[in-house]
Amino acid sequence: MKRLIVAAVALLSLGLSNVMAQERIQNPMLWADVPDPDIIQVDGTFYLVSTTMHLMPGTPIMRSRDLKNWETVSYVYDRLTDSPKYDLSPTEGTVYGRGQWATSLKYHKGKFYVLFAPNEQGAMGDTYIYSADKAEGPWTLVSRMRHFHDCSLFFDDDDRVFVIYGTGELMELKKDLSDVIEGSYMKIFEREADETGLLEGSRMIKHNGKYYLQMISQVYAPGRHRREVCYRADDIHGPYEKNVILESDFGGFPYVGQGTIVDTPEGDWYGIIFQDRGGVGRVLTVSPVRWIDGWPMIGDEDGKVPETIRPYRSGQPAASIVNSDDFSSQRLGLHWQWNHNPVDAAWSLKERPGYLRLKTSRVVENLYLAPNTLTQRMEGPTCSGYVVMDVSNMRDGDCAGFTAFNDESGVLTIARDGKKYTLTMSEQSVTLNPQNKAVEKVEVKDVESVELFKGSKSKVIYLRLDADFRAGERFGGKDLAQFYYSTDGQNWTKIGNDYRMRFDWRRFFMGSKFGIFNYATKRTGGWVDVEEFCYQKGK
């Protein structure tokens with residue numbers, strides 16, 4: 001039955017795709033957690049990279065031919081292995097809110113390059129450089145070197161290679177990208193008096209012989225707003241002059257900031273800048289760029305992010321970075337990411353074809369230390385997702401379910417106690433050690449519980465989560481999640497309360513995600529089979 005439903009939806013999508021692609025882009029261009037963007041254009045196709053921190057595989061590469069329809073086409077790495085923190089260590093700590101940050105994406109002489117530095121201390125924070133012949137991969141590690149915060153890789157016309165990072169810091173790299181050239185460090189500009197707060201997120205381009213360094217600026221003072229600034233010079237080493245190229249709120253949410261600009265083969269330019277939107281995370285806006293007096297001014301004629309913008313190219317099929325899945329493939333779709341490194345032996349798409357099997361692999365105390373929690377982004381303005389789960393092979397003490405996953409999570413948990421199955425909607429909050437991100441405490445508030453499967457041989461359950469990220473009475477929007485369950489997929493019962501999702505940069509620094517989980521609290525050996533994940537985005 002599920003394949004018939006998926007096929008019908010696919011046919012409907014094909015019929016609507018051309019009509020949808022003709023529509024204007026509604027800002028946000030991506031109303032999902034896609035922070036710290038870098039974007040390039042190669043032969044008329046746009047490629048985008050974003051931060052996903054503790055999620056694996058990491059460094060997602062997304063592709064679009066029209067700036068409207070985006071799909072994930074590869075990840076730069078499957079996992080990071082420098083420390084047991086990447087494996088959710090109960091003693092060493094975790095990498096919640098750390099891991100891969102603010103990746104720079106470039107194309108030079110037929111190759112794609114990425115450069116990123118995890119937000120960590122010591123060797124864990126060393127910079128990685130990867131390359132690939134195609135954005136779709138495979139990606140190969142080129143080198144590792146000292147840490148560069150929020151950096152931009154830059155290939156100059158004479159093939160010299162630079163990293164611009166921090167707040168106006170620069171180093172030159174060896175041509176083989178193996179390391180820095182010692183003695184090349186330079187501070188290329190000093191802060192001006194009005195740049196007293198945040199000034200980071202370097203993105204360097206070259207246009208008409210001039211160097212343009214774009215950065216986010218946040219002045220923490222009454223009446224001052226987040227903005228995107230640009231430093232311009234005739235020589236990469238300076239001297240630089242500065243201009244504000246975008247200062248705009250949008251859609252009832254705070255001012256946008258951090259991103260870059262990209263051109264087209266025809267010579268048009270677009271600005272891709274993120275905006276904080278509360279529980280959904282940091283979303284991407286797209287705006288026209290007008291070159292005025294040699295400055296790339298982002299926004300419409302009033303210097304604001306527009307409500308809509310014409311797609312770069314018409315007639316493109318619909319695509320999304322968040323998708324339904326019937327798990328009929330033998331490879332996990334690129335729309336999924338694991339919370340930290342997965343335990344590969346504890347999940348399978350082959351043991352029961354057409355299902356995702358999640359096995360318990362270690363005994364843990366809570367969801368935040370549970371391996372193999374599988375996630376996808378949520379999207380605004382509203383979205384809904386449900387999973388169909390066969391829990392008949394859970395063991396005593398096992399906990400499985402579906403969650404709006406973040407440092408503050410709304411959770412639907414099926415717990416097995418002997419022969420009894422109980423479904424509970426709970427609110428869960430994790431306290432992390434600020435140094436090593438170790439899980440110090442998890443507070444769990446059970447809101448409502450029901451016993452399942454009384455008198456029924458079937459152990460199949462449907463769990464649903466509806467999310468609303470529309471602007472509310474305050475900045476941050478509604479950010480509400482509602483939870484439902486069903487035994488037949490037709491008749492749904494609400495459980496628990498309306499849960500307010502949150503965004504906390506001090507912990508996960510990430511928008512809420514759909515999460516599918518299964519973990520053991522007493523002994524390993526149990527499993528659940530997930531038949532499908534069904535997703536719908538609201539208008």
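The values are calculated or read from the model by the stated rules, or taken from the named source; none is laboratory data. Just so you know, these numbers come straight off a predicted model, no measurement behind them. Backbone-built Cβ (ideal geometry, glycine too); neighbour counts: all protein chains shown. Side chains are part of the model used for accessible areas, which takes the heavy atoms of the whole protein and leaves out ligands, DNA and RNA. Shrake-Rupley method; radii C 1.70, N 1.55, O 1.52, S 1.80 Å.
Given the criterion among the aliphatic types (A, V, I, L, M) and under 27 Å from residue 97 (Cβ atoms), identify the matching residue among 387, 391.
387
Using beta carbons and a limit of 7 Å, which pairs, at least six apart or on different chains, have the first residue in the stretch 343-362 and over 17 Å from residue 523 (Cα atoms) and the second one surrounded by fewer than 16 Cβ atoms within 10 Å (Cβ to Cβ)?
349/329; 349/330; 350/330; 354/328; 357/351
All but one of (1) under 25 Å from the mean Cα position of the chain (by Cα); (2) modelled with pLDDT of 95 or more hold for residue 245; which doesn't?
Evaluating residue 245 over (1) under 25 Å from the mean Cα position of the chain (by Cα); (2) modelled with pLDDT of 95 or more leaves (1) as the failure.
Output the residue which, of all residues in the stretch 231-263 that are within 23 Å of residue 208 (Cα to Cα) and charged (D, E, K, R), is surrounded by the most Cβ atoms within 10 Å (Cβ to Cβ).
Applying the filter and picking the extreme gives 232.
Only one of (1) over 25 Å from residue 50 (Cβ atoms); (2) in a loop (DSSP other than H, G, I, E, B) fails for residue 306. Which number is that?
Exception for residue 306: condition (1).
Inspect the stretch 324-333 for any residue being open to solvent by 40 Å² or more (accessible area, probe 1.4 Å), over 19 Å from residue 515 (Cβ atoms), out of contact with any Phe, Trp or Tyr (no Cβ under 7 Å at 6 or more places or on another chain) and touching a residue at least 40 places away in the same chain (Cβ under 8 Å) and give the result as yes or no.
Taking every residue of the stretch 324-333 in turn, at least one turns out to be open to solvent by 40 Å² or more (accessible area, probe 1.4 Å), over 19 Å from residue 515 (Cβ atoms), out of contact with any Phe, Trp or Tyr (no Cβ under 7 Å at 6 or more places or on another chain) and touching a residue at least 40 places away in the same chain (Cβ under 8 Å).
Determine whether residue 378 is buried (at least 21 other Cβ atoms within 10 Å of the Cβ) and farther than 16 Å from residue 513 by Cβ.
Judged against the criteria, residue 378 is not a match.
Scan the stretch 133-150 for residues that are within 14 Å of residue 59 (Cβ to Cβ) and either surrounded by 21 or more Cβ atoms within 10 Å (Cβ to Cβ) or in contact with a Lys or Arg (Cβ under 7 Å, 6 or more places away or on another chain) (or both) and report the count.
Residues that pass the stated criteria total 2.
Rundown of residues vs (1) surrounded by fewer than 22 Cβ atoms within 10 Å (Cβ to Cβ); (2) within 28 Å of residue 376 (Cα to Cα); (3) of a type in the set (Asp, Glu), yes/no style:
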residue: 229; (1), (2), (3): yes, no, no
residue: 265; (1), (2), (3): yes, no, no
residue: 281; (1), (2), (3): no, yes, no
residue: 284; (1), (2), (3): no, yes, no
residue: 301; (1), (2), (3): yes, no, yes
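Looking at the stretch 491-504 only, could you name the residues that are in contact with a strand residue (DSSP E or B) (Cβ under 9 Å, 6 or more places away or on another chain) and not basic (Lys, Arg)?
492, 493, 495, 496, 497, 498, 499, 501, 503, 504
Strands (runs of 3 or more DSSP E) wholly in the stretch 36-122 with at least 1 residues that are of a type in the set (Asp, Glu) - which ones?
38-42, 71-77
Restricting the search to the stretch 470-501, which residues are modelled with pLDDT of 95 or more, of a type in the set (A, V, I, L, M, F, W, C) and part of a loop (DSSP other than H, G, I, E, B)?
492, 495, 501
Does any residue of the stretch 7-30 turn out to be more than 30 Å from residue 108 (Cα to Cα), modelled with pLDDT of 95 or more and among the hydrophobic types (A, V, I, L, M, F, W, C)?
No - not one qualifying residue is present in the stretch 7-30.
Output the qualifying pairs, or none if there are none: Cβ atoms under 7 angstrom, residues six or more apart or on different chains, first residue in the stretch 197-221 and under 13 Å from residue 165 (Cα atoms), second residue of a type in the set (S, T, N, Q) and surrounded by fewer than 22 Cβ atoms within 10 Å (Cβ to Cβ).
Cβ pairs passing all conditions: 199/167; 200/167.
Go through (1) among the small types (Gly, Ala, Ser); (2) open to solvent by 10 Å² or more (accessible area, probe 1.4 Å); (3) farther than 22 Å from residue 109 by Cβ and name the single condition residue 178 misses.
Status for residue 178: all satisfied but (3).
Which of the residues belonging to the stretch 502-538 are assigned to a loop (DSSP other than H, G, I, E, B), open to solvent by less than 10 Å² (accessible area, probe 1.4 Å) and farther than 18 Å from residue 339 by Cα?
526
Residues are listed down the side, and each one gets a yes or a no for (1) in contact with a His (Cβ under 6 Å, 6 or more places away or on another chain); (2) open to solvent by less than 10 Å² (accessible area, probe 1.4 Å); (3) not acidic (Asp, Glu):
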position: 346; (1), (2), (3): no, yes, yes
position: 351; (1), (2), (3): no, no, no
position: 358; (1), (2), (3): no, yes, yes
position: 382; (1), (2), (3): no, no, yes
position: 386; (1), (2), (3): no, no, yes
position: 426; (1), (2), (3): no, yes, yes
position: 431; (1), (2), (3): no, no, yes
position: 440; (1), (2), (3): no, no, no
position: 446; (1), (2), (3): no, no, no
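Taking residue 322, is it more than 23 Å from the chain's Cα centre (by Cα) and either modelled with pLDDT under 95 or of a type in the set (A, V, I, L, M) (or both)?
So residue 322 does not fit the description; no.
For the stretch 76-86, name all the residues that are surrounded by fewer than 20 Cβ atoms within 10 Å (Cβ to Cβ) and touching a residue at least 24 places away in the same chain (Cβ under 8 Å).
Within the stretch 76-86, 77, 79, 81, 82, 83 meet the criteria.
Can you name the residue in the stretch 97-111 that is free of Cβ contacts under 8 Å to residues at least 60 places away in the same chain and in contact with a Phe, Trp or Tyr (Cβ under 7 Å, 6 or more places away or on another chain) and, of all such residues, is surrounded by the fewest Cβ atoms within 10 Å (Cβ to Cβ)?
Looking at the filtered set, the residue picked out is 108.
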